[in-house]
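Right, one structure below, let's go through it.
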Amino acid sequence: MNYWDRNIETIGREELAALQLQRLKETVARALNSPYYRKVLGDNNLSPDSIRSLDDLRRFPFTAKDDLRASYPRALLAVDREEVVRMHASSGTTGQSTVVYHNLQDLENWTGLVARCLVMAGATRGDVFQNMMSYGLFTGGIGLHYGAERVGMMVIPIGGGNTHRQIQFFQDFGTTIIHITPSYALHVSDVIRDLGLSPDDFRLRVLIFGAEPYSEATREKLEQLYRVRALNCYGLSEMNGPGVAFECGMNEGMHVWEDSYIVEVIDPESGDLLPPGDEGEIVFTTLTREAMPLIRYRSRDLARLYERTDCSCGRNFRRLSRIIGRTDDMLIVRGVNVFPSQIEHELMRIPEVGTNYQILLDRVENLDRMTVRVEITGRTFHGEVGELRLLKKKIEHALKEEILITTEIELMEPGALPPSQGKAKRVIDNREM
Ligand code: AMP
Ligand code: ZN
């Protein structure tokens with residue numbers, strides 16, 4: 001069995017609880033340095049002294065994505081600005097991003113967690129790690145990068161896209177591990193086939209999938225296509241990014257690194273804590289983060305925790321099932337988070353746009369495609385063809401600026417789309433999971 005940090009990875013439950021308790025107190029103390037928590041915890045008379053046992057965490061209010069938005073840009077920062085060495089941002093519903101800050105120690109801790117995941121996946125020095133996830137504000141690419149270097153692998157920071165080159169690199173550099181979204185992996189496998197190549201032409205050993213939901217069937221299909229093991233990697237930028245939970249290969253869920261995060265599952269309606277085994281919304285509390293501690297952050301991801309804590313891999317960290325849905329309407333398109341409200345916001349600022357629109361998602365050659373059907377005013381629709389072409393470009397451009405992905409725009413006559421009766425069904429998602 002391979003461990004990155006055997007002592008911590010095989011820690012017993014009791015010792016873990018003691019460590020969590022101590023770190024939780026420290027977290028609350030640090031959180032009080034941020035304007036946001038000083039107010040919220042102050043209003044509720046909460047301080048590190050409020051925590052005598054781990055159960056006392058329940059007395060703390062949840063932190064929601066909207067609280068992060070309202071805290072933009074700095075109200076959740078718990079250290080001096082000068083101490084911050086990195087920020088990441090994730091898309092918000094109407095243009096308001098959520099920002100997460102890290103100091104050097106935070107990055108060091110994150111790197112360690114990712115190294116743990118990768119070693120658990122069987123990575124060693126000598127492996128060639130091709131990181132096919134986008135780099136940038138999005139944490140998917142950069143998140144695994146440093147952990148992979150720390151393990152001592154040769155890292156190819158190629159990012160997403162440019163499929164022919166990716167495949168060329170598999171061959172030229174003997175790539176053994178790739179980090180990729182499952183939907184892109186499907187596409188890459190088609191291109192491999194079209195090029196007349198097969199998995200035998202490569203040295204791939206492990207696929208690491210993350211950033212978007214997918215089904216067990218998709219995993220099995222991809223394992224057959226690539227003839228290698230695929231492991232699930234879960235994270236969210238509010239909790240650093242990838243590396244929060246990762247599969248150990250026993251096929252029984254992803255271990256959550258509980259020395260760094262307290263994980264709870266709640267009923268998304270009532271907010272009540274659910275027992276292990278029940279499906280609900282996952283809530284995280286950071287235990288080591290310094291620049292921006294978060295207490296009881298509601299992820300909006302739906303999953304369940306396994307009841308058993310022991311695992312044949314020797315780790316006792318709780319395991320999380322795959323993510324089965326979201327409590328909000330966030331879409332993940334080519335690994336990028338998109339809220340329909342962002343699209344609506346942009347559309348409604350364009351005067352030629354009418355009142356109704358529809359978002360269509362499908363997969364073409366295993367790549368996500370997003371089409372936005374937009375009703376425009378009658379006068380525009382029956383106007384000049386040249387004008388229509390310009391309008392299409394203008395809408396496409398406005399959406400690209402906001403959601404960062406290219407959409408197909410279809411301009412429709414007023415009344416062409418089914419009118420909303422009650423709750424509008426704006427999104428038609430035909431992608432197979
Ligand atoms: P971001 O904050 O932009 O990194 O997006 C995080 C979100 O991506 C999570 O809250 C999940 O909804 C989704 N996500 C990340 N990893 C996975 C995964 N392995 N399976 C399913 N969804 C995932
Ligand atoms: Zn395990």
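The values are calculated or read from the model by the stated rules, or taken from the named source; none is laboratory data. Everything numeric in this text was worked out from a predicted model, so none of it was measured. Note that we place each Cβ from the backbone using ideal geometry, even for glycine, and neighbour counts take in every protein chain shown. Side chains included, ligands, DNA and RNA excluded: accessible areas come from the protein's heavy atoms. Shrake-Rupley method; radii C 1.70, N 1.55, O 1.52, S 1.80 Å.
Structure summary
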| item | result |
| --- | --- |
| Residues of segment 302-339 that turn out to be assigned to a strand (DSSP E or B) and over 18 Å from Leu231 (Cβ atoms), as a count | 11 |
| Flag if Ala78 is on the phi < 0 side of the Ramachandran plot, open to solvent by 20 Å² or more (accessible area, probe 1.4 Å), modelled with pLDDT of 95 or more and in the same structural domain as Glu238 (by TED's automatic domain parsing) | no |
| Wholly within segment 123-230, helices (runs of 4 or more DSSP H) carrying at least 3 residues that are open to solvent by 60 Å² or more (accessible area, probe 1.4 Å) and either within 16 Å of ligand 1 (Cβ to nearest atom) or at pLDDT 95 or above (or both) | 139-151, 163-173, 216-226 |
| Residue in segment 48-63 that is within 20 Å of the chain's Cα centre (by Cα), under 16 Å from Pro293 (Cβ atoms) and not aliphatic (A, V, I, L, M) present | yes |
| Hey, His397 open to solvent by 50 Å² or more (accessible area, probe 1.4 Å) and at pLDDT 95 or above or not | yes |
| Failed item, numbered, when Leu113 is tested on (1) within 16 Å of ligand 2 (Cβ to nearest atom); (2) in contact with an Asp or Glu (Cβ under 8 Å, 6 or more places away or on another chain) | (2) |
| Qualifying residue in segment 254-271 (condition: open to solvent by 30 Å² or more (accessible area, probe 1.4 Å), assigned to a strand (DSSP E or B) and either assigned by TED's automatic domain parsing to the domain that holds Asp80 or more than 14 Å from ligand 2 (Cβ to nearest atom) (or both)) | no |
| Selection count where residues are closer than 24 Å to His88 by Cα and free of Cβ contacts under 8 Å to residues at least 24 places away in the same chain, scope segment 52-73 | 2 |
| Test: residue in segment 358-368 that is open to solvent by less than 20 Å² (accessible area, probe 1.4 Å), within 16 Å of ligand 2 (Cβ to nearest atom) and within 30 Å of Met433 (Cα to Cα) | no |
| Single unsatisfied condition, Thr111 versus (1) modelled with pLDDT of 95 or more; (2) assigned to a strand (DSSP E or B) | (2) |
| Check on Asp259, more than 23 Å from Thr218 (Cα to Cα) and touching a strand residue (DSSP E or B) at 6+ places or on another chain (Cβ under 6 Å) | no |
| Criterion: modelled with pLDDT under 95, away from ligand 2 (no atom under 16 Å from the Cβ) and closer than 30 Å to Arg38 by Cα - qualifying residue of Thr327, Thr355 | Thr327 |
| Selection status of Phe317, in the same structural domain as Leu68 (by TED's automatic domain parsing) and either within 13 Å of ligand 1 (Cβ to nearest atom) or open to solvent by less than 10 Å² (accessible area, probe 1.4 Å) (or both) | yes |
| Residues satisfying the stated conditions in segment 400-409, i.e. in a helix (DSSP H, G or I) and open to solvent by less than 60 Å² (accessible area, probe 1.4 Å) | Glu402, Ile403 |
| Test: Ser90 is under 16 Å from Val28 (Cβ atoms) and either surrounded by 15 or more Cβ atoms within 10 Å (Cβ to Cβ) or at pLDDT below 95 (or both) | no |
| Selection status of Tyr234, closer than 30 Å to Leu41 by Cα and within 19 Å of the chain's Cα centre (by Cα) | yes |
